[in-house]
Amino acid sequence: MPSIDLYDSLIYFTLMKKDDYINNLLAAAATTIATQIEDQIGDLGLPSTNAATALVTIRNHPDDSIDALRRVLSLTHSGAVRLIDSLEQDGLVERRRSDTDGRAVVLRLTANGQDSAEVIIGARERATRAIVKRLSKQQIAGLKPVLETILAVTTKDEESARRNCRLCDESACRPLGCPVEISAQEHRAKGP
């Protein structure tokens, strides 16, 4: 039976500890950023984070169905319907007949809903800008490819792409080549 060298054991446990450390840092950073975004959005007076997310999602993908929105928000159908009912009563969302399928109902923002979605995106940007402005140019340059890779590897299809970008200002990254959109297209091209 081979003996385990003490030095090799120390290296192994040190590397494992570093992996645990990186994993923990990533989780803590993600949680912290999400909380700061939720706090900014919470200050807007919307009934829930799901309401804010729904408005931005509908802004980015007008004329989608309630079912498409339900999947992005991970809600039941009845939960999504209740959310849309509430947003419709508040004058933020409207249901319409689809132009392409008269039997289908699609979602669109009203003018007030569009304004609210822009305010939500602004709140999200304030939260992230407060963090990014504390980083050096070198840190930002190093962070950019890491974030692009994380987003690309966590995007497996259209549904995960929409979920990853549910609060995005899609006009900010599309001109630069959105890593989420690129990954979704690559997966679609490969097929099932």
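Data overview
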{"read-out": "Among (1) without any contact (Cβ under 8 Å) to a residue 12 or more places away in the chain; (2) within 20 Å of THR53 (Cβ to Cβ); (3) surrounded by 12 or more Cβ atoms within 10 Å (Cβ to Cβ) - the single one LEU135 does not satisfy", "value": "(2)"}
{"read-out": "Among residues of region 136-183, those that are outside any helix (DSSP H, G or I) and under 13 Å from the mean Cα position of the chain (by Cα), counted", "value": "8"}
{"read-out": "Contacts under 8 angstrom Cβ, first residue in region 142-158 being in the same structural domain as CYS178 (by TED's automatic domain parsing), partner at pLDDT 95 or above and among the aliphatic types (A, V, I, L, M), 6 or more apart", "value": "LEU143/LEU135"}
{"read-out": "Selection count where residues are of a type in the set (Asp, Glu) and either crowded, with 16+ Cβ neighbours inside 10 Å or in contact with an Asp or Glu (Cβ under 9 Å, 6 or more places away or on another chain) (or both), scope region 159-192", "value": "3"}
{"read-out": "Scope region 22-50; condition over 28 Å from GLN114 (Cα atoms) and not β-branched (Val, Ile, Thr); matching residues", "value": "ASN23, ASN24, LEU25, LEU26, ALA27, ALA28, ALA29"}
{"read-out": "Subset of region 73-115 that is among the hydrophobic types (A, V, I, L, M, F, W, C), assigned to a helix (DSSP H, G or I) and surrounded by 13 or more Cβ atoms within 10 Å (Cβ to Cβ) - its residue that is nearest to the chain's Cα centre (by Cα)", "value": "LEU73"}
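The values are calculated or read from the model by the stated rules, or taken from the named source; none is laboratory data. Just so it is clear, the model here is predicted, and its values are computed rather than measured. With ideal geometry, Cβ positions are generated from the backbone for all residues, glycine too; neighbour counts draw on all protein chains shown.
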